[in-house]
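**Student:** Please read through the structure below; I'll follow up with questions.
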Amino acid sequence: MISFRNVSKVYGKKDNAFVALKDITIELPEHKTIAVVGKSGSGKSTFLHLLGGLDRPSEGSININGKELTKLNKKAMDQYRGQDLGFVFQSFFVEANQSCYQNVALPLEINRVPLNKRKAIVEDALSQVDLTEKIRSKAGTLSGGQKQRLAIARAIVTKPKVILADEPTGNLDSSTGDKVINLLFDLHKKYSSTLVIVTHDQDIASKCDVRLYIKDGQIEKVEGLKGAAS
């Protein structure tokens, strides 16, 4: 279960203060696909960053699968991000001068997976995204779609409970974007993970079990959630 209780996020102070999220309270189910929908500046990426422990709320509490994020120290937060989460971003954030193998192996290194076990795990992750033949290629030589598939391989290599995708098709053409979304949904089913996608694309949102609409830092409406107002 993903639980936000009276969560607000304010950037800056006094006259320069900007309220990115205001008093968000919601519970979202595990093992589902969840779209967080809104226009640019609505607060949807802030919502995802708080969920991913990349930022902390100014007020309120966030509980993910029994872990109270606001009470985790830095070491525990790093462990949460490294073991429980997989991240996929619009801008890929792959290491261009490193091989595909090295990119995907990084989370395993961080989690101190023994060296003799990494190869099989990395090869499996790359095969899931159809990049086996690129295992020794530098990430910088890949196309945009291949880079995003590489980022997905890196996100799933630890078999995380939650996959967070922030506008994962934003830098891709529509055909390649469709393939990336289908891949994310297929992997969600395979690993029974919770998939949270931040998007402004209604076609992507319509594919998700739950759709959370955010406007001006507040929940505008929720669709697909039992008992929620729509």
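Derivation of every value follows stated rules applied to the coordinates shown; laboratory data play no part. Predicted, not measured: the structure shown is a model, and the values here were computed from it. Because the Cβ atoms are built from the backbone with ideal geometry, glycine has one as well, and the counts that use them run over all protein chains shown.
**Student:** Once you keep just the Cα pairs under 8 angstrom separated by 6 or more residues, what percentage relative contact order results for the chain?
**Tutor:** Values: 437 pairs, mean separation 65.7, N = 230.
Worked out over the chain, it gives 29 percent.
**Student:** Hey, another quick one. With θ set to phi - 60° and the Karplus curve 6.51 cos²θ - 1.76 cosθ + 1.60, what are the ³J(HN,Hα) couplings of the stretch 144-161 in order, to the nearest whole Hz, using x for Gly and Pro?
**Tutor:** x, x, 5, 4, 5, 5, 5, 4, 5, 4, 5, 5, 9, 4, 9, 6, x, 6
**Student:** Let me check I've understood the local charge: for residue 99, count other residues with C-beta under 11 angstrom from its C-beta, Lys and Arg +1, Asp and Glu -1. What total comes out?
**Tutor:** Values: positive: 134, 136, 138; negative: 95.
In short, +2.
**Student:** May I ask you to evaluate 6.51 cos²θ - 1.76 cosθ + 1.60, the Karplus curve with θ = phi - 60°, for each residue of the stretch 36-50 and list the ³J(HN,Hα) values in order in whole Hz, giving x for glycine and proline?
**Tutor:** 10, 10, x, 6, 4, x, 6, x, 5, 6, 4, 4, 5, 5, 5
**Student:** Kindly give Rg over Rh for the stretch 83-130, based on alpha-carbon atoms, with the Kirkwood expression for the hydrodynamic radius. If you can, show how the numbers build up before the last one.
**Tutor:** Values: Rg = 11.1 Å, Rh = 11.7 Å.
So for the stretch 83-130, dividing Rg by the Kirkwood Rh gives 0.95.
**Student:** Something else: According to a simple spin-label model (label point 7 Å from Cα along Cα-to-Cβ), what is the distance in nm between residue 59 and residue 31?
**Tutor:** Distance between label points: 3.6 nm.
**Student:** For the stretch 7-71: lysine pairs with Cα atoms under 28 Å, gap of 8 or more or different chains, count?
**Tutor:** Lysine pairs meeting both conditions in the stretch 7-71 amount to 24.
**Student:** Calculated from DSSP H runs of 4 or more alone, at -39500 (n - 2.57) each and per residue, what is the 222 nm mean residue ellipticity of the chain, nearest 500?
**Tutor:** -10500 deg cm²/dmol
**Student:** Still on this structure, please answer the following. Mind listing which trypsin sites (Lys or Arg not before Pro) in the stretch 1-77 are in a DSSP loop and have 13 or fewer other Cβ atoms within 10 Å? Before the final figure, lay out each step's value.
**Tutor:** Working: sites: 5, 9, 13, 14, 22, 32, 39, 44, 67, 71, 74, 75; in loops: 13, 32, 39.
When the trypsin sites (Lys or Arg not before Pro) of the stretch 1-77 are filtered for loop state and at most 13 Cβ neighbours within 10 Å, 13, 39 remain.
**Student:** Loop only by DSSP, 13 or fewer other Cβ within 10 Å of the Cβ. Give me the trypsin sites (Lys or Arg not before Pro) in the stretch 99-139 that pass, ordered by residue number.
**Tutor:** 112, 136
**Student:** Now for a different question. Of all beta bridges DSSP finds with both residues in the chain, what is the antiparallel percent, to the nearest 5?
**Tutor:** On the way: 20 of 39 bridges.
Here the antiparallel bridges make up roughly 50 percent for the chain.
**Student:** On the Cα set of the chain, report Rg and Dmax in Å, please.
**Tutor:** 17.6, 55
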